[in-house]
1. Among the residues that make up region 340-361, is at least one of them at pLDDT below 95 and in a strand (DSSP E or B)?
2. What number of residues within region 73-98 satisfy the criterion of being open to solvent by 10 Å² or more (accessible area, probe 1.4 Å), more than 20 Å from Asn349 (Cα to Cα) and not acidic (Asp, Glu)?
3. Suppose we filter region 164-206 for residues that are under 30 Å from Ser123 (Cβ atoms) and either of a type outside the set (A, V, I, L, M, F, W, C) or within 29 Å of the chain's Cα centre (by Cα) (or both); how many remain?
4. Within region 362-382, count every residue that is within 15 Å of Val412 (Cα to Cα) and in a loop (DSSP other than H, G, I, E, B).
5. Looking at the structure I just gave you, is Ser146 surrounded by 14 or more Cβ atoms within 10 Å (Cβ to Cβ), polar (S, T, N, Q) and modelled with pLDDT of 95 or more?
6. Residue pairs, Cβ under 7 Å, 6 or more apart or interchain, first in region 318-338 and within 22 Å of His287 (Cα to Cα) and open to solvent by less than 40 Å² (accessible area, probe 1.4 Å), second among the aliphatic types (A, V, I, L, M) and outside any loop (DSSP other than H, G, I, E, B). List them.
7. With respect to Gly269, is the statement that it is part of a loop (DSSP other than H, G, I, E, B) and in contact (Cβ under 8 Å) with a residue 12 or more places away in the chain true?
8. Of the residues Ala359, Ala302, only one is among the small types (Gly, Ala, Ser), more than 19 Å from the chain's Cα centre (by Cα), surrounded by fewer than 20 Cβ atoms within 10 Å (Cβ to Cβ) and more than 29 Å from Asp58 (Cα to Cα); which?
Amino acid sequence: MAEARAPWVADLGNGRYQNPVLAADYSDPDVTRVGDDFYLTASSFTNIPGLPILHSKDLVNWTLIGHALPRLTPDAHFSVPRRGGGVWAPAIRHHDGKFYIYYPDPDFGVYVITANDPKGPWSAPVLVDNSRGVIDPCPFWDDDGSAWLIVAYARSRAGFNNILQLKRMSPDGTRLLDAGKTVVDGNALPPQPTTNGPMPWAPIEGPKLYKRDGWYYIFAPAGGVKGGWQTVFRSRKLDGPYEFRNVLDQGKTDVNGPHQGAWVTTSAGEDWFLHFQDTGAFGRRVHLQPMVWKDGWPIIGADRDKDGRGEPVITNRKPKVKAVTGIAVPQMNDDFSGPLSLAWQWHANPAQDWMSLSAAPGQLRLKSVSTPASLFETGSVLTQKFPAPKFVADTKLRFSPLREGERAGLAVVGTKYSWIGLRKDADAVRLVHDGRVLLEGVTSDIYLRARIEPVVVDITPPDKPHWPAERKEVLAQVKFSYSTDGERFVTFEHPPVQIDPGRWVGATIGLFASSPAGTPAYIGTSVGHADFDYFRVSGVE
């Protein structure tokens, strides 16, 4: 069931829902259906564990049931944050009784992992394609049993982009059988008609390959993350040639870049499309759109002018499904009384001694490990996605430092970061905010709070035809406060902090404890620690 005071619930409780259905940073979502169950995974970049697995019965109410990737490989490479690397857009499929996830790491290639149960365990990653810069893979098994992989490319690694290639695989989907063929070349296509006028394609990426009524369909986003749209290509032959159409763009709505996601058909025969919307520091949220077919082409969202091109809906009736489901949201709160909530992720592959739930039962203990001064460069920050368009997060901290320079607290981390917490100085423990002393001589537990709301700022638009959304950036405005008794919170006088997105991800909120960088290894086992009693999220009143 929904957590108490959940700051965002998609299910309106009256047979309708509101978008986003996932108000957190589940970028590049892909979905598969097995029976009456839907399973979603998403990009996780360098957040660990990676490849979240969410479950739903109705495409509206989602529960986080696990992660398919406990650690990133190569392990040592990801012992520190590799911002912008790691797991890019994955694809999840169920084939021949087994779940498959194909995921790209643009620096190493495309991996596949499998499982009999989506909750896991998942197999160790197998490298299927070691091409540098290959991204956004999607597997496809044709009617004759042949296996295929459609991919895109990242210019930052491959030196080119804006093309989609089709590669043949072994029937078990573990190795390539050829070098592939380009089936879509965006560089050769004329500007695409959109609600915003003719627009350039680059980059075409994120392809998903399907088959329906003898047609092969490639669903692919184009035009960029913020200002792009959803294109569908179709052909009677797998290797083309493909004709194409813009089937979804922003239209007259505020939902920018509605693209890159998954077409899924319910057991009742209804078609739906899940996609993301880039919202800056608040991440890439997941929306659900109705989808219908006309003359062999999909129409996604609301086609108000009947031109075959839809725009996003804000509210809609829920999908017709067999199961009657309760309202659900992904986990947020944690009282640390049992296993760590699935909501938590590290910014790098964790070391064994970073945390403990048994050293102080009912509390999360974080060791003051030696870290860089910058929390953006620190892997041992335990974080969560922003769960809503605005929210409040609370925690209670007990600090047990042993050496000068140790610190612990509540942090909000984008490319920029800000934190409030305790710091051990030579003569005392002080409550600080980004180095500014708020309270002298702290000797007891401290309660910390962050209130987070969006703020929109103007930016320079790209040097190309652009959408209005590309002139704006959404930042997270953070107001910290503290209390010594858990009742009366002090909001100190300071300008609100504005946090930007991370690298391809939204900002995160989390907990940390650290020693100064360079703390000698020979005292590394005798540094202090911080105990957190709980982490609670609520709505903004």
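1. No, region 340-361 has no match at all.
2. In the first step, residues of region 73-98 are kept if they are open to solvent by 10 Å² or more (accessible area, probe 1.4 Å); the result is 73-77, 79-83, 88, 93-98.
In the following step, the residues that additionally are more than 20 Å from Asn349 (Cα to Cα) were identified as 93-98.
Next cut, not acidic (Asp, Glu) only: 93-95, 97-98.
Qualifying residue count, region 73-98: 5.
3. If we filter region 164-206 for residues that are under 30 Å from Ser123 (Cβ atoms), which is where we start, we get 164-181, 183, 205-206.
Next, only the ones that are either of a type outside the set (A, V, I, L, M, F, W, C) or within 29 Å of the chain's Cα centre (by Cα) (or both) stay: 164-176, 178, 180-181, 183, 205-206.
Matching residues across region 164-206 total 19.
4. Keep residues of region 362-382 that are within 15 Å of Val412 (Cα to Cα), which gives 373-382.
Filter once more, keeping what is in a loop (DSSP other than H, G, I, E, B): 373-374, 378-381.
Counting residues in region 362-382 that are within 15 Å of Val412 (Cα to Cα) and in a loop (DSSP other than H, G, I, E, B) gives 6.
5. Working: surrounded by 14 or more Cβ atoms within 10 Å (Cβ to Cβ): yes; polar (S, T, N, Q): yes; modelled with pLDDT of 95 or more: yes.
Taking the combined requirement at face value, the residue satisfies it.
6. Pro330/Leu54; Pro330/Leu64; Met332/Val537
7. Values: part of a loop (DSSP other than H, G, I, E, B): yes; in contact (Cβ under 8 Å) with a residue 12 or more places away in the chain: no.
No: the conditions fail for Gly269.
8. On inspection, the qualifying residue turns out to be Ala359.
The values are calculated or read from the model by the stated rules, or taken from the named source; none is laboratory data. What you are looking at is a predicted structure, and each value in this text was computed from that prediction instead of being measured. Note: ideal-geometry Cβ built from the backbone for every residue, glycine included; neighbour counts use all protein chains shown. With ligands, DNA and RNA removed, areas are computed over all heavy atoms of the protein, side chains included. Shrake-Rupley method; radii C 1.70, N 1.55, O 1.52, S 1.80 Å.
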